[in-house]
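Below is one structure, written out as structure tokens; the observations come after it.
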Amino acid sequence: MCDSEDDDVPQLSFHALAALQEFYAEQKQHSDPGGDDKYSIGRIEENWQLSQFWYSQETALRLAKEAIAAAEEGGRIACVSTPSVYQKLRQLHREDLNVYIFEYDRRFAIYGEEFIFYDYNNPLDFPENVAAHSFDVVVVDPPYLSEECLRKISETVKYLTRDKILLCTGAVMEEEAMRLLGVKMCRFTPEHTRNVANEFRCYTNYDSGLDHDV
């Protein structure tokens with residue numbers, strides 16, 4: 001009787017079983033990445049409902065190197081809504097730098113104490129350990145191309161930075177960026193892993209390497 005019951009149970013083919021195992025492995029990697037892959041750009045997938053568009057590897061590296069140069073040795077870097085830059089900074093293994101990621105998306109809480117939950121609608125709502133003017137440079141990319149979003153995030157940036165600001169946003173926001181943060185457009189043009197409808201540019205309030213060819 002037991003043998004006949006076992007015969008009635010559907011059996012997966014070798015290929016189907018392998019595909020299923022691969023699917024579960026991918027899901028585990030996305031939900032609990034570890035090791036060096038933990039900081040890979042794209043390991044945590046974009047959520048378009050949160051207006052997430054990751055930078056290309058080249059752009060993330062260029063921005064990370066610029067942030068390092070701006071912060072200088074032993075500096076502190078705040079990555080506000082710029083997870084790709086945070087990830088690239090950590091891939092570079094610069095243990096002499098203090099780097100924090102300010103993000104609404106709690107999937108990035110895998111980065112432990114370096115993750116700080118951030119909602120631009122509450123621009124000054126931080127834990128007690130986030131002191132005013134405690135970062136040498138703030139790298140920021142507002143999730144939405146609107147005056148309201150940039151205005152609120154500007155409050156955050158002015159609170160966090162000692163001086164230097166590296167902003168990435170649409171070219172259409174140039175005048176608002178200058179008015180709110182005193183930043184000027186750089187020559188360097190950032191790129192994303194996927195095509196975005198709007199032209200993006202970088203802006204700084206200091207003499208940056210983004211105005212020079214590599």
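DSSP bridge analysis restricted to region 131-210 gives an antiparallel fraction near 60%, rounded to the nearest 5. The local environment of Asn122, defined by Cβ-Cβ distances under 14 Å, has a net charge of -3 under the rule Lys, Arg +1 and Asp, Glu -1. For region 107-162, the carbon plus sulfur part of the accessible surface works out to 48%, probe radius 1.4 Å. Which of Lys164/Lys184; Lys38/Lys164; Lys65/Lys164; Lys88/Lys158 have a Cα-Cα distance over 20 Å? From Lys164/Lys184; Lys38/Lys164; Lys65/Lys164; Lys88/Lys158, over 20 Å: Lys38/Lys164; Lys88/Lys158. Within the assembled protein chains, the solvent-accessible surface assigned to Lys65 is about 120 Å², based on a 1.4 Å probe.
Could you report region 100-214's accessible area per residue, 1.4 Å probe, as an integer in Å²? Mind dumping the intermediate values first?
Working: 5980 Å² over 115 residues.
Heavy-atom accessible area per residue stands at 52 Å².
Percentage of Cα-Cα pair distances in region 98-214 greater than 25 Å, rounded to whole percent?
Above the 25 Å cut-off, region 98-214 has 22 percent of its Cα pairs.
Among Tyr206, Tyr159, the sequence by solvent-accessible area, most first, with a 1.4 Å probe is Tyr159, Tyr206. In the complete set of protein chains, residue-level accessible area for Glu72 is approximately 120 Å², probe 1.4 angstrom.
The values are calculated or read from the model by the stated rules, or taken from the named source; none is laboratory data. Quick caveat, the model's predicted, so the values are computed rather than measured. Virtual Cβ from ideal backbone geometry, glycine too; neighbours counted across all protein chains shown. For the accessible areas, the whole protein counts, side chains as well, though only heavy atoms, and no ligand, DNA or RNA atoms are used. Shrake-Rupley method; radii C 1.70, N 1.55, O 1.52, S 1.80 Å.
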